[in-house]
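No lab work stands behind these numbers, since they all come straight from the coordinates. Computed from a predicted structure; not experimentally measured. Virtual Cβ from ideal backbone geometry, glycine too; neighbours counted across all protein chains shown.
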Amino acid sequence: MIRAEAITLGTRLRDVSLHLPPSSLTAVVGPNGAGKSTLLLVLAGLLKAEGSIAWMGEDLNHITFPERGRRLAWVGQDLNADFAFPVRDVVAQGRHAFGDDGEFVDAAMRAMDIAHLADRSVTRLSGGERRRTFLARALATDAKIQLWDEPTANLDVRHSLDVLQLAMKLRDEGRAVLISLHDLRAALCFDQVLVLDQGRLAASGKPEAVLNPELIQKVFGVRARMGQEMILELP
Amino acid sequence: MKRLWAPAWLLALLLVLAFMGSLAFGEVRLAPPEVLHVLMGRGEGLARTVVLDFRLPRALVGMAVGAGLAASGVLMQSFFRNPLASPGLLGVSTGGALGAVAALALGWASNSVFALPAASIAGAFLATFAVMALAKREASAEHLLLAGVALNALFGAATSFILNLTAGQFEVTGQIVFWMLGGLENRTWAHVWMVLPGTVLGCLLLLPFGRALNLLSLGEQGAQSLGVNVRQLQWEIIALSTILTALATAVGGVIGFVGLVVPHILRLGFGPDHRRLLPLSMIGGAAFVLACDLITRFLPGELRLGVVTALLGGPFFLWMLRRPA
């Protein structure tokens, strides 16, 4: 779905190559400032960098803006809401490149548990509700590639699990989903993990192979110890 | 779009009332039937002269100025994602003011009626190009904003400098001050043809931008990720808003707060959706400027339009700042 070769952007990203196949759920982890958000911006075509990026086998530079909007959805970390749009209008913006509205919008609002907020102004939402609104906007695009930058930040445990479960469902529908995360335990249930460290790809592959105590010590500077823990799951 | 019609009719009614008022009231007071009579091509003598030669061009210029400034304000607010932004922010108004003041000080304005508007438009575009050059090509809205602040200060200083230089020439200084306070007195059909076609065209070109402006006002990157060519849209916004502001400043002088107050009130009343806000602001801006111009005729002394809009807009702006979001 996405293939990136030798992405370099100053010192923020250095020679990063990656491949997100169809039906894949990939986590990007790394310390603050490792380049996770920058990588997502570059892959989404929102920030120019050296190297080449292809979406669905086509060079990104050859894809028109509306077509980009149909193929890929991106949700950033900073969610601006300076204007009092109702939640439903914001979610419906996901259909901009299609020029329609319809069932995708309502389904996306149900999936993100914000149907009851449809007429509420986005300026009057909590941080978590606002994040779910912008995630719903991305879902409403029905795009085959989904890039979410720390989607579980400021979500409560229930809605975090909802988001991760939804990501898996999108993967099972054949989409490529890339999520940046701080929660290494959550990353264990992804198909693929990319570890960024100071703009470089320190490791990538199956989570159980990549997220070993040596690498975690080296990249994050903390000791990882496997042991008994509280398991949280959706009912 | 059903939700557009109710407020649009209401504003259109206000506009018609303000329009009829500006044709009827003044030193010579006419009854509405008399005004209608003249508008339908009949009537004669004093009423005909007053309406067709003086008040109708003045009202048409006022409507164009109001619609252009309010639409320009909507564009700036969406561009900067800030409901408090306004056309003066980029230095466009002060650039236009500098051009006009230069035309007055150098005596060009007394040679031709077109000299002052032409200089004003040139000044406004100079300001826009300077902002773009200062802010570089791939600049963020913050960069543009800061470049605008710097240019506003620079153009303001240059205007004061010219005012200083002409300190001995009372007639020129008087003209400059008169113009800097903004007004619609003595507007002729030449002014109508200067401002009306460009403003109408600019406003029509803007109407299809509503959807894209909605996306832009919630973030540049998000808008681009959903399929908007943000860079191109921003250039179009800047160009159209400069033209509308320059045309308005060229025929009406410096008239502040229209682009700030009108869109803001309408946004509070009818929501931020630009598909509604743009047309409503155009109608509302036209009605607001006509109403303020009417006020200048009722108050004692030669009160200027720019003073009235500022006296109404200033307190409103302060109230907005104090109001919780």
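Note that region B:259-274 has calculated 3J(HN,Hα) couplings of x, 8, 6, 4, x, 5, 4, 5, 5, 4, x, 10, x, x, 4, 5 Hz, one per residue in order, obtained from phi through the Karplus relation 6.51 cos²θ - 1.76 cosθ + 1.60 (θ = phi - 60°); glycine and proline are x.
For chain A, leaving out every one of the trypsin sites (Lys or Arg not before Pro) that falls in a DSSP loop and has at most 12 other Cβ atoms within 10 Å, the longest unbroken run is A:49-222.
Translational diffusion of chain A was estimated from the Stokes-Einstein equation, with Rh taken as the Kirkwood radius over Cα pairs; at 25 °C and 0.890 mPa s the coefficient is 134 µm²/s.
Using C-alpha pairs under 8 Å with a sequence gap of at least 6, the mean separation divided by the residue count of region B:2-322 gives a relative contact order of 32 percent.
Mean residue ellipticity, 222 nm, helices only, chain B: the sum of -39500 (n - 2.57) across DSSP H runs of n ≥ 4, divided by residue count and rounded to 500, is -24500 deg cm²/dmol. Residues whose amide H comes within less than 5 Å of that of A:ILE2, counting only those at least five positions distant or on another chain, are A:LEU20, A:MET56 (H built at 1.01 Å from N in the peptide plane).
Taken one residue at a time, the phi angles of region B:203-211 give Karplus couplings (6.51, -1.76, 1.60, θ = phi - 60°) of 5, 5, 5, 6, 3, x, 7, x, 4 Hz. Gly and Pro are set to x. Among B:CYS292, A:CYS189, B:CYS203, a tally of other beta-carbon atoms within 10 Å of each Cβ gives an order, fewest to most, of A:CYS189, B:CYS203, B:CYS292.
Sites count as exposed loop sites when they are GluC sites (Glu not before Pro), lie in a DSSP loop, and have at most 16 other Cβ atoms within 10 angstrom; the longest stretch of chain B without one is B:186-301.
Convex hull volume of the C-alpha atoms in region A:135-235, normalised per residue: 128 Å³. In this label model, B:LEU17 and A:SER52 are separated by 6.7 nm, measuring between points 7 Å along each Cα→Cβ vector. Per residue, the convex hull spanned by the Cα atoms of region A:1-67 measures out at 88 cubic angstrom.
Computed on region A:90-170, with alpha-carbon pairs under 8 angstrom and 6+ residues apart, the relative contact order is 35 percent. Annotation: the antiparallel percentage among DSSP beta bridges lying fully within the protein assembly as shown is about 50.
Amide H to amide H distances under 5 Å link B:LEU184 with B:LEU305, where only residues 5 or more positions off or on other chains count and H is placed in the peptide plane. Going by the alpha-carbon gyration tensor, a ≥ b ≥ c the square roots of its eigenvalues, is chain B rounded (a/c under 1.5) or, if a/c is not under 1.5, prolate (a/b greater than b/c) versus oblate? Cα axes put chain B in the oblate bin. Remark: spin-label model distance A:MET226-A:LYS169 equals 3.2 nm, labels positioned 7 Å along the Cα→Cβ axis.
Listing A:ASP172, A:ASP149, A:ASP15, B:ASP293 from fewest to most neighbouring C-beta atoms within 10 Å gives A:ASP172, A:ASP15, A:ASP149, B:ASP293. Close amide H pairs (under 5 Å, H built 1.01 Å from N) link A:SER17 with A:ALA6, A:ILE7, residues at least 5 positions away or on another chain. On the basis of the beta-carbon distance and an R0 of 22 Å, A:ASP119 and A:LEU234 show a calculated FRET efficiency of 0.20. Expressed to the nearest 5 percent, the antiparallel share of DSSP beta bridges inside region A:51-197 is 25 percent.
In order along region B:55-64, the Karplus-derived 3J(HN,Hα) couplings, from 6.51 cos²θ - 1.76 cosθ + 1.60 at θ = phi - 60°, round to 7, 5, x, 4, 5, 5, 4, x, 5, 5 Hz, and Gly and Pro are given as x.
The simple spin-label model puts a point 7 Å past each Cα toward its Cβ; for B:GLN221 and A:HIS62 those points are separated by 2.8 nm.
Using helices alone, what [θ] at 222 nm do you get for chain A, with -39,500 (n - 2.57) per DSSP H run of 4 or more residues, divided over all residues and rounded to the nearest 500? Result for chain A, helices only: -9000 deg cm²/dmol. Take every Cα pair under 8 Å whose residues are at least 6 apart in sequence, average their separation, divide by the length of region A:190-235, and the relative contact order is 23 percent. Put in order of Cβ neighbour count within 10 Å, fewest first, the listed residues B:VAL251, B:VAL50 become B:VAL50, B:VAL251.
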